[in-house]
Every structure is written in structure tokens, then in C-alpha cells.
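The values are calculated or read from the model by the stated rules, or taken from the named source; none is laboratory data. Computed from a predicted structure; not experimentally measured. Methodologically, a virtual Cβ is constructed for each residue, glycine included, from the backbone with ideal geometry; neighbour enumeration extends over all protein chains shown.
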Amino acid sequence: MTLESLSGGYRAAVFGASGGIGAAFVSALAADPRCAAVYAGARAAVRADLPKLRPFQFDLEDEPSIDRAAVEVSKDGPLDLILVATGILHDASLRPEKTWRSLSPAAFDRAFRVNAIGPALIAKHLLGHLSVRDKAVFAALSARVGSIADNRLGGWHAYRASKAALNMLIRTLSVELAVRNKSALCVALHPGTVDTALSRPFQAGVAPASLFTAAQSVLHLLRVIDGLVPAQTGRLFAWDGAEIPF
Ligand SMILES: NC(=O)c1ccc[n+]([C@@H]2O[C@H](COP(=O)([O-])OP(=O)(O)OC[C@H]3O[C@@H](n4cnc5c(N)ncnc54)[C@H](OP(=O)(O)O)[C@@H]3O)[C@@H](O)[C@H]2O)c1
């Protein structure tokens, strides 16, 4: 996949390079002949096993580490593409809730820290390093279940609410970003249901044809990013390019 809409020799940064979708983004971008460098960030060290790869470390819950990451990824010049591929759905303190009786402050705290506040802090430290010339994109992986308009099933309260908050942040950031560069976009993306550690406990009801590999999802998402025009900034798009209402 070649990103034709970005400047030749474009530079990209992926936050969450250790994740299923994040790792597939890094591989796909490194394979794009028009891409000059891919900064690949994770909590643990990322191996620089491809020539274009520039590893860096950060933790969404440690703002100084995001500040250091911003310095690292911008040292050779501005970025054309920033992808936030981090996120959490379940861990020891967070279990997707089936009823309001299961709501817990610890789960909300965890979901909001990782899914909303962390990406906002990445934007805080990185948007100033997005190219002010030509098309430039800041995209964060959100989820269809974060759409308030689309919520007919209920459940998954903390995850849904944290992704809805992320969607609002994306819209708010997009307004400010447009003042800086009218060709820049700030968008949220829904990757589809993707076979990763995040979705594995919840795949039972998913038809095999509806379950993407991370590589398939990333191919779709990069096509969507490539096709986006500045008038579409501040919105949520699914893997097939369809807009999902907030
Ligand atoms: N998979 C799906 O079906 C699906 C569907 C809709 C939306 N999404 C969204 O897509 C995104 C990526 O999901 P995925 O399926 O690729 O999940 P994943 O394989 O579990 O990857 C999650 C990534 O988030 C990182 N992360 C979590 N907490 C972090 C922190 N405090 N600091 C830095 N990094 C942190 C993880 O890093 P570590 O390796 O260090 O833990 C990992 O790189 C998420 O936002 C998710 O909500 C996924």
C-alpha cells in the first residue's frame, strides 16, 4: 500500500507499535516506498529490524515520557502522519460490563486514562510537530461502540464512554489544528473487529468473514487515510471509509 496523498518521503509515527494493529501499521508503512521513516513507539523497547524503523518508548500514563517521545520523533523534522494505535478493553481492573450493577470507579479510571487521556496527551505534545505544509494526518484508533448515536446494544460502559470521550477530543483538536494547517486532518478510526489480544475474549459471536487480521484492517485503514480530504477532519471513519456518526 502506497500513501499517494502524503508528500513523497513522508515521515510517520506510530504510538502502540507493540499492539496487534499498531505492529501491522509499522510493517505496512515501512514497506511503502514513499515513506522515509517510521517512528515506532511502545512501552517496552521495539526492535529496529527494518531499515526505516526508528524505535522509541513512551507510556500513556507517564506524560514526561510522551514529551520525550515528541522530541525523539521530531528531531529530523516535522511528521506527516501520526497514528495512535493504543487502547485497552480488558485487564485485571477492567472487564467490559454487562450491567450497570458492575460499574466500578477503577474500571472507569483505567479506561479513561488509556483510551482518552493518553491519546489527548499525545496530541498535546505531538500536534505541534505535524507538518504545516501539505496534507498531514493525526489519526487515533477509536471504536464503533464509542458512537453514542450507534449504541443500541448497551453494555461495555467504561470502554464505550472512554471512546466517546476520545471522539469528542478528536473533534475539538481538529478545530484547533485547522487554524494551523488547513490541509491537516485529525480523525478517529474504527478498525473493524480485528483478531488481536484486545478482541480475543470477545470473538465468539463474530462471523469468521467479519474478523480481520491486523494486516487486512491496516490495509483498509491506510486506504481510508489516503482518501480523506481536509473537509472530513474531526470525524470518525470505519475501515470501509463510511463515516460513523458521533
Ligand atoms: N481489535 C479490535 O477488534 C478493535 C476493534 C475496535 C477498536 N479497536 C481499537 O484499536 C486499538 C488497537 O487495538 P488492538 O486490537 O491492536 O489491541 P492490542 O493488540 O491489545 O494493542 C493495544 C496497544 O495499546 C498499548 N497500550 C496499552 N496501554 C498502554 C499504555 N499505558 N502506554 C502505552 N501503550 C499502551 C499496548 O502496549 P503494551 O504492548 O505495552 O501493552 C498495545 O501496543 C485500540 O484503541 C482499540 O480500542 C480494536
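For the reader, a short list of remarks on this structure follows.
- Where strands (runs of 3 or more DSSP E) fall wholly inside segment 1-89, the ranges with 3 or more residues that are buried (at least 21 other Cβ atoms within 10 Å of the Cβ) are 10-15, 35-42, 81-84.
- Residue within segment 201-224 that is part of a loop (DSSP other than H, G, I, E, B), in contact with a Gly (Cβ under 6 Å, 6 or more places away or on another chain) and either touching a residue at least 12 places away in the same chain (Cβ under 8 Å) or crowded, with 18+ Cβ neighbours inside 10 Å (or both) present: no
- Count of residues meeting criterion [more than 16 Å from the ligand (Cβ to nearest atom) and either out of contact with any Pro (no Cβ under 8 Å at 6 or more places or on another chain) or charged (D, E, K, R) (or both)] in segment 44-77: 10
- Considering residues of segment 211-246 that are in contact with a strand residue (DSSP E or B) (Cβ under 6 Å, 6 or more places away or on another chain) and of a type in the set (S, T, Y) only, the residue farthest from S147 (Cα to Cα): S217
- Pairs are defined by a Cβ separation below 9 Å, a sequence spacing of at least 6 or placement on different chains, a first member in segment 87-99 that is closer than 14 Å to P201 by Cα and within 12 Å of the ligand (Cβ to nearest atom), and a second member that is part of a loop (DSSP other than H, G, I, E, B) and aliphatic (A, V, I, L, M); the pairs so defined are I88/L198; L89/A143; L89/L198; H90/L198; L94/I88; P96/L89.
- Failed item, numbered, when A36 is tested on (1) within 14 Å of the ligand (Cβ to nearest atom); (2) on the phi < 0 side of the Ramachandran plot: (1)
- Qualifying residue in segment 140-149 (condition: without any contact (Cβ under 8 Å) to a residue 60 or more places away in the chain, assigned to a loop (DSSP other than H, G, I, E, B), of a type in the set (A, V, I, L, M, F, W, C) and more than 16 Å from the ligand (Cβ to nearest atom)): no
- Residue within segment 155-172 that is assigned to a loop (DSSP other than H, G, I, E, B) and at pLDDT below 95 present: no
- Residues of segment 146-163 satisfying the condition of being surrounded by fewer than 20 Cβ atoms within 10 Å (Cβ to Cβ) and either charged (D, E, K, R) or within 26 Å of F58 (Cβ to Cβ) (or both): D150, R152, A161
- Single match in R133, R113 (criterion: within 27 Å of V194 (Cα to Cα), of a type in the set (K, R) and either outside any strand (DSSP E or B) or in contact with a strand residue (DSSP E or B) (Cβ under 8 Å, 6 or more places away or on another chain) (or both)): R113
- Residue-level analysis places L81 outside the set of residues that are more than 8 Å from the ligand (Cβ to nearest atom) and more than 15 Å from I122 (Cβ to Cβ).
- Number of positions in segment 230-246 that are of a type in the set (A, V, I, L, M) and closer than 13 Å to A139 by Cα: 2
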